[in-house]
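Each remark here refers to the structure printed beneath this line.
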Amino acid sequence: SLPDPLTFSPPVSGVGEWLNTSIFVFHPDKPLAGSATYTATVKAGLGDTTGGLLKEDFHWSFNTLPPAITGFEPFFGALDVRLTEPITVTFNQPMEAVSTQGAFSLAGGGEAVAGSFKWNDESTVMSFTPKQRLKLGTTYTATVKASAKAADGITSLNYDQSWTFNT
């Protein structure tokens, strides 16, 4: 029976819940857009348990992080990587699979490597498994181009990122 006191600009769909009479928690339906500024507002007139009323609207703003790579395996400069080891890229937020897979490449010995992709349930970890064994004693370069998009389908990585490893 408690009011839903929170609005966002730009609008955010989701559900709010009161944990008690003083703590309200909002759960967005989908991840917030990366690299965005949101303003939250609690409208004037919200009452507390003592009968006091909020005299004027209360606003605050926050920024979301842009999508970014937070880790990858094998790590930069790794030696003696197994010939069948998948290449794993971890992101700081859910990513859109089609653009991110299209932005990924693996090459070694002058040849591009074909393979398949798998994602974790949160769409934050992408694994690439080569179709064939990698070549022994070869330097490979993995790249994720800036065209990889966050789950919002709009926000891209800020820059290309590449790393090398050796089998």
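Within the stretch 108-146, the residues that satisfy the criterion of being touching a strand residue (DSSP E or B) at 6+ places or on another chain (Cβ under 9 Å), on the phi < 0 side of the Ramachandran plot, open to solvent by 40 Å² or more (accessible area, probe 1.4 Å) and assigned to a loop (DSSP other than H, G, I, E, B) are A114, N120, K131, Q132, K135, K145. Of the candidates F62, F75, the single residue that is under 21 Å from the mean Cα position of the chain (by Cα), modelled with pLDDT of 90 or more, in a loop (DSSP other than H, G, I, E, B) and loosely packed, with under 14 Cβ neighbours inside 10 Å is F75. Among the residues of the stretch 78-102 satisfying the criterion of being out of contact with any Gly (no Cβ under 9 Å at 6 or more places or on another chain) and acidic (D, E), which is modelled with the highest pLDDT? Result: D80.
A quick yes/no check of all residues on (1) of a type in the set (D, E, K, R); (2) within 27 Å of T141 (Cα to Cα):
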residue: D4; (1), (2): yes, no
residue: S9; (1), (2): no, no
residue: G16; (1), (2): no, no
residue: N20; (1), (2): no, no
residue: G47; (1), (2): no, no
residue: G51; (1), (2): no, no
residue: K55; (1), (2): yes, no
residue: G71; (1), (2): no, yes
residue: T84; (1), (2): no, yes
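Confirm whether V81 is assigned to a strand (DSSP E or B) and either closer than 17 Å to A150 by Cα or over 25 Å from the mean Cα position of the chain (by Cα) (or both). It is false that V81 is assigned to a strand (DSSP E or B) and either closer than 17 Å to A150 by Cα or over 25 Å from the mean Cα position of the chain (by Cα) (or both).
Of the residues T84, T41, which is surrounded by 13 or more Cβ atoms within 10 Å (Cβ to Cβ) and either within 26 Å of E122 (Cα to Cα) or out of contact with any Cys (no Cβ under 6 Å at 6 or more places or on another chain) (or both)? Of the residues listed, the single one that is surrounded by 13 or more Cβ atoms within 10 Å (Cβ to Cβ) and either within 26 Å of E122 (Cα to Cα) or out of contact with any Cys (no Cβ under 6 Å at 6 or more places or on another chain) (or both) is T41.
Here is the figure for the stretch 131-154: residues that are among the charged types (D, E, K, R) and farther than 12 Å from T100 by Cα total 4. Tallying residues that are of a type outside the set (S, T, N, Q) and either more than 18 Å from S9 (Cα to Cα) or open to solvent by less than 50 Å² (accessible area, probe 1.4 Å) (or both) within the stretch 45-59 yields 9. Residues in the stretch 8-19 that are more than 16 Å from T64 (Cβ to Cβ) and open to solvent by 70 Å² or more (accessible area, probe 1.4 Å): V15, E17, L19. Hey, any hits in the stretch 95-104 for a residue that's assigned to a helix (DSSP H, G or I) and open to solvent by 80 Å² or more (accessible area, probe 1.4 Å)? Yes; the residues of the stretch 95-104 include at least one that is assigned to a helix (DSSP H, G or I) and open to solvent by 80 Å² or more (accessible area, probe 1.4 Å).
For V89, the conditions (1) surrounded by fewer than 17 Cβ atoms within 10 Å (Cβ to Cβ); (2) assigned to a strand (DSSP E or B) are fulfilled apart from (1).
Looking only at residues of the stretch 147-159 that are in contact (Cβ under 8 Å) with a residue 60 or more places away in the chain and within 23 Å of F76 (Cβ to Cβ), we find that the one that is most open to solvent (accessible area, probe 1.4 Å) is N158.
Of all residues in the stretch 1-25, those that are in contact (Cβ under 8 Å) with a residue 12 or more places away in the chain have Cβ atoms under 7 Å from Cβ atoms of residues that are among the small types (G, A, S), 6 or more apart or on another chain, in D4/G16; L6/G16; L6/A40; F8/A40; F24/G16.
The values are calculated or read from the model by the stated rules, or taken from the named source; none is laboratory data. The shown structure was predicted, so the numbers you read here are calculated from the model rather than taken from an experiment. Backbone-built Cβ (ideal geometry, glycine too); neighbour counts: all protein chains shown. These area figures cover heavy atoms from the full protein model, side chains too; ligands, DNA and RNA do not enter into them. Shrake-Rupley method; radii C 1.70, N 1.55, O 1.52, S 1.80 Å.
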